[in-house]
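The structure appears right after this line, and notes come after that.
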Amino acid sequence: MSVDNITKILIAGASLCLGAYLTALRAKINSIKVKNTLHWAFYIVSMTVFLTALATLVFCWKDLTLDHETEKVNIRFLEFIIIIVCMISSILLFLFTKKNLVGKHQYSIAKLNPIVNSFTKNADKKNIKLLAGDINFFGNSPHEMESNSQYTCLRGENFKNIQILCTSPTTTEEKIRYGKILNDIPQVELKYYRPTHADLNIRGRMKTLNNVPNLLIYNKVSSGVYEAIETNMGNSDGALYNHIWNLIWNLAQDPSDDQIKEYKHLFRG
């Protein structure tokens, strides 16, 4: 067997292995519900193929267009077609990766709201738990809260108990916001992170569905962009978040009756 034939076999084998690897890698990316860098393998392959095809076109131009013996134009159409196909396919792979494999589970606020509301509606109505900060995701003022889809959805679902872990309000604006929640939704139970650094900046909701705990965790990735992951107790991350909730809730501080009266009074004016 000649070296050329062996080389062709090796190239074919390498192509099959690379194709199988990328197929398995895509399945892995789709199964991981957190931000990762695995998609860079597709970027590297697409850029390598594109640059190789481009370099071949530039540095082998004479070989592709001239007959060295006669110095006459002799365009090798098959090689040209292969190079163009390689360039087009590499660009398509790059664009597909960017659109479908990057930023999975990442949403703008407008797209996050329906996800949160759907999670809230599809739940047993006994209890729902919220991991929050200063609860400004409902809006900064009573007027904004009235038109906030997350707030109106939560208020309209008639949960028997709503537990909210949040930060202690320090400004009048925050106290008014808390007062509106306590006034509009009497079944809300607030608790403040204690100590304050117990707030791990984990935001989300925990519910039961058919008596099975489910979680929707969302974190800010960049300005106006959030990563939302839905999981349950069958997942190790879900079990971890549930344990974190229980620990922080048991350590949290209840607002005093005087504080609750103050918040409601500020809201009512």
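Phe137: part of a loop (DSSP other than H, G, I, E, B) and among the aromatic types (Phe, Trp, Tyr), yes or no?
no
Polar (S, T, N, Q), surrounded by 14 or more Cβ atoms within 10 Å (Cβ to Cβ) and either without any contact (Cβ under 8 Å) to a residue 40 or more places away in the chain or not in a strand (DSSP E or B) (or both), is that true of Asn219?
yes
Sort out which residues of the range 119-168 are of a type in the set (D, E, K, R) and closer than 22 Å to Glu230 by Cα, and write them in order of number.
Listed by number, the residues that qualify are Lys121, Asp124, Lys125, Lys126, Lys129, Arg155, Glu157.
Please verify whether Gly234 is modelled with pLDDT under 80, within 28 Å of Lys125 (Cβ to Cβ) and part of a loop (DSSP other than H, G, I, E, B), treating the condition exactly as stated.
The answer is yes for Gly234.
Of the conditions (1) touching a residue at least 60 places away in the same chain (Cβ under 8 Å); (2) in a helix (DSSP H, G or I); (3) surrounded by fewer than 19 Cβ atoms within 10 Å (Cβ to Cβ), Asp124 clears all except one; give me its number.
It is condition (2) that Asp124 fails.
The values are calculated or read from the model by the stated rules, or taken from the named source; none is laboratory data. These figures come from a predicted structure and were not determined experimentally. Positions of Cβ are backbone-derived with ideal geometry, glycine not excepted, and every protein chain shown enters the neighbour counts.
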